[in-house]
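Notes follow the structure.
The values are calculated or read from the model by the stated rules, or taken from the named source; none is laboratory data. Since this is a predicted model, take the numbers as computed values, not measurements. No Cβ is skipped: glycine too gets one built from the backbone with ideal geometry, and neighbour counts run over all protein chains shown. The area values use the complete protein model at the heavy-atom level, side chains included, leaving out ligands, DNA and RNA. Shrake-Rupley method; radii C 1.70, N 1.55, O 1.52, S 1.80 Å.
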Amino acid sequence: MRRASAQANPNIALIKYWGKADEDLILPAAPSVSLTLDQYPTTTHIEPAAKDSFELNGRPASEKETARVSAFLDVVREWAGGHQPHAAVRSVNEAPTGAGLASSASGFAALALAAAHAYGLDLSPRDLSRLARRGSGSAARSIVSGVALWHAGTDADSFAEPIPAPEMRMVVVPLSKTRKKVSSREAMRISRETSPYYEAWVRTTRAMSEEMVEACAAGDFARIGALTESSAWRMHGLIASSAPVIRYLTPASVEVFDAVSQLREDGLAAYGTADAGANVVVLTTPDDAAAVATGLSEYGDVTVCGPGEGARLEPGARNE
Ligand code: PMV
C-alpha cells in the first residue's frame with residue numbers, strides 16, 4: 001500500500017436520487033442527473049496505519065463517521081484482493097459538512113480515488129464511480145466532470161457517466177450551517193417504507209431522468225430548469241409524506257423559492273432546487289447568473305458556481 005491524495009467536488013442533482021433498491025450495494029431505485037460544481041472541494045489523504053482512523057477538518061471524526069469510512073475501506077480492500085493494511089484517512093471539506101451541500105458526495109468521491117490509488121487498483125472511470133457509490137450514492141456522480149447521469153441497475157451497471165449538456169451556472173444560497181437531524185440514508189429508508197407516494201416517485205423519476213437527458217442533449221434550458229425544480233419539489237413532497245414526517249426545507253428556503261419564481265417572472269432563467277437541507281441552489285444560464293445572484297443576495301452570502309471537474313489525484317501531492 002502507498003500514500004495518496006485526491007480531491008473531488010460536490011454535485012447538485014437536477015433530477016434527484018431518493019431511495020435505494022439495495023441498501024448494502026447502494027443501488028438507487030431510479031436514475032438521477034447532476035451537475036458537479038467547480039467549488040467546495042474535499043481533499044483527502046490516505047496512508048498505511050496500524051488501524052483505520054479518520055480525521056475530518058483537523059479533528060478526529062465521530063465513531064459513526066469513522067466506522068463508515070472503515071466499512072468503505074473494507075470494500076476497497078476486498079476489490080484489491082483482501083488482506084490489505086489498515087489506513088489513516090485525513091479529509092478537509094470546504095463546504096459546511098452535513099448541511100445539504102453534498103459533502104458526502106465530494107467526500108466519498110475523493111476517498112474512492114485516493115484509496116483506489118493507495119491500494120493499487122487501476123480503475124476505469126466507470127468502476128471508480130461504482131466504487132464511490134458504495135460510500136455514498138451521490139458520490140458516484142462526483143467522479144464525473146460537469147453533467148452526469150447515474151444509472152440505476154445492478155452492481156455492475158450502476159455508475160455515473162458524463163452526458164452532453166449546455167453551459168449552466170448554479171447560485172448557491174446558504175441558509176443553514178447546522179447538521180441535519182435525520183441523515184439522508186435514514187430518511188430515504190423511512191420514505192421507502194412509509195410513504196404512500198414512493199412508487200409514484202420512483203416511476204416518475206425514471207421518466208424525468210430520461211426527459212432530462214433529452215433536454216440536455218437538445219440544449220433546452222427552459223425544459224431543464226422546469227424539470228429540475230419539479231424534481232426537487234417532488235422529492236421534498238415525498239419526504240414530507242413519510243411517517244414520521246421529515247422536513248428539510250425551512251420557511252427561509254420557501255421564501256427563496258418564491259423569490260426565484262419572481263426572478264423568472266421578471267424574465268431571468270432561474271429555477272430552484274434543494275437537497276436534504278435548508279439551502280437553496282438556483283440553476284441559471286451563464287448570461288443570467290450575475291443578475292440572479294444580485295437578486296438573491298438579500299437572502300444570504302450567495303456563490304455562483306460553474307461546472308467543475310470530477311475526482312482527481314491532488315496536483316502537487318506525493319502520489320507515488
Ligand atoms: O448523500 P447521499 O448519497 O445519501 O444522497 C443524498 C441525495 C440528495 O442529495 C438528497 C439528492 C441527490 O440526488 O443528490
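Would you be able to say whether some residue in region 11-33 is part of a loop (DSSP other than H, G, I, E, B), within 15 Å of the ligand (Cβ to nearest atom), open to solvent by 20 Å² or more (accessible area, probe 1.4 Å) and farther than 30 Å from residue 154 by Cβ?
No.
I'm trying to understand the selection: among the residues of region 111-138, which are modelled with pLDDT of 95 or more and either among the hydroxyl-bearing types (Ser, Thr, Tyr) or not in a helix (DSSP H, G or I) (or both)?
At the first step, the residues of region 111-138 found to be modelled with pLDDT of 95 or more are 111-121, 123-138.
Residues satisfying the conditions are 119, 120, 121, 123, 124, 129, 134, 135, 136, 137, 138.
Working carefully through the options 84, 7, find the one that is under 30 Å from residue 225 (Cβ atoms), open to solvent by 20 Å² or more (accessible area, probe 1.4 Å) and not in a helix (DSSP H, G or I).
7
Scan (1) of a type outside the set (D, E, K, R); (2) in contact (Cβ under 8 Å) with a residue 60 or more places away in the chain; (3) open to solvent by less than 20 Å² (accessible area, probe 1.4 Å); (4) more than 13 Å from the ligand (Cβ to nearest atom) for the single condition residue 91 breaks and write down its number.
The single condition residue 91 does not satisfy is (2).
Yes or no, residue by residue, for (1) over 30 Å from residue 82 (Cβ atoms); (2) at pLDDT 95 or above; (3) charged (D, E, K, R):
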| site | (1), (2), (3) |
| --- | --- |
| 1 | no, no, no |
| 12 | yes, yes, no |
| 20 | no, yes, yes |
| 33 | yes, yes, no |
| 38 | yes, yes, yes |
| 43 | no, yes, no |
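Residue by residue through region 144-158, note down the ones that are open to solvent by less than 20 Å² (accessible area, probe 1.4 Å) and away from the ligand (no atom under 12 Å from the Cβ).
Residues satisfying the conditions are 144, 146, 147, 158.
What pairs come up if the first residue lies in region 169-192 and is open to solvent by less than 10 Å² (accessible area, probe 1.4 Å), the second is of a type in the set (S, T, N, Q) and not in a loop (DSSP other than H, G, I, E, B), and their beta carbons are under 8 Å apart, counting only those six or more places apart or on different chains?
170/284; 171/284; 171/303; 172/303
Looking at region 59-70, is at least one residue away from the ligand (no atom under 14 Å from the Cβ), part of a strand (DSSP E or B) and of a type in the set (D, E, K, R)?
Yes, region 59-70 contains a residue that is away from the ligand (no atom under 14 Å from the Cβ), part of a strand (DSSP E or B) and of a type in the set (D, E, K, R).
Would region 41-50 turn up any residue that is within 26 Å of residue 231 (Cβ to Cβ), within 16 Å of the ligand (Cβ to nearest atom) and surrounded by fewer than 24 Cβ atoms within 10 Å (Cβ to Cβ)?
no
Of these, 70, 103, 138, which one is of a type in the set (Ser, Thr, Tyr) and either touching a helix residue (DSSP H, G or I) at 6+ places or on another chain (Cβ under 7 Å) or free of Cβ contacts under 8 Å to residues at least 12 places away in the same chain (or both)?
Checking each option against the conditions leaves just 138.
Restricting region 202-215 to residues that are within 19 Å of the chain's Cα centre (by Cα) and surrounded by 17 or more Cβ atoms within 10 Å (Cβ to Cβ), which is farthest from residue 168 (Cα to Cα)?
Of everything passing the filter in region 202-215, 202 is farthest from residue 168 (Cα to Cα).
Listed here are the residues, each with its yes/no results for (1) surrounded by 23 or more Cβ atoms within 10 Å (Cβ to Cβ); (2) in a loop (DSSP other than H, G, I, E, B); (3) modelled with pLDDT of 95 or more; (4) more than 16 Å from the ligand (Cβ to nearest atom).
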position: 225; (1), (2), (3), (4): yes, no, yes, yes
position: 235; (1), (2), (3), (4): yes, no, yes, no
position: 260; (1), (2), (3), (4): yes, no, yes, yes
position: 267; (1), (2), (3), (4): no, yes, yes, yes
position: 271; (1), (2), (3), (4): yes, no, yes, no
position: 276; (1), (2), (3), (4): yes, yes, no, no
position: 295; (1), (2), (3), (4): no, no, yes, yes
position: 298; (1), (2), (3), (4): no, no, yes, yes
position: 309; (1), (2), (3), (4): no, yes, yes, yes
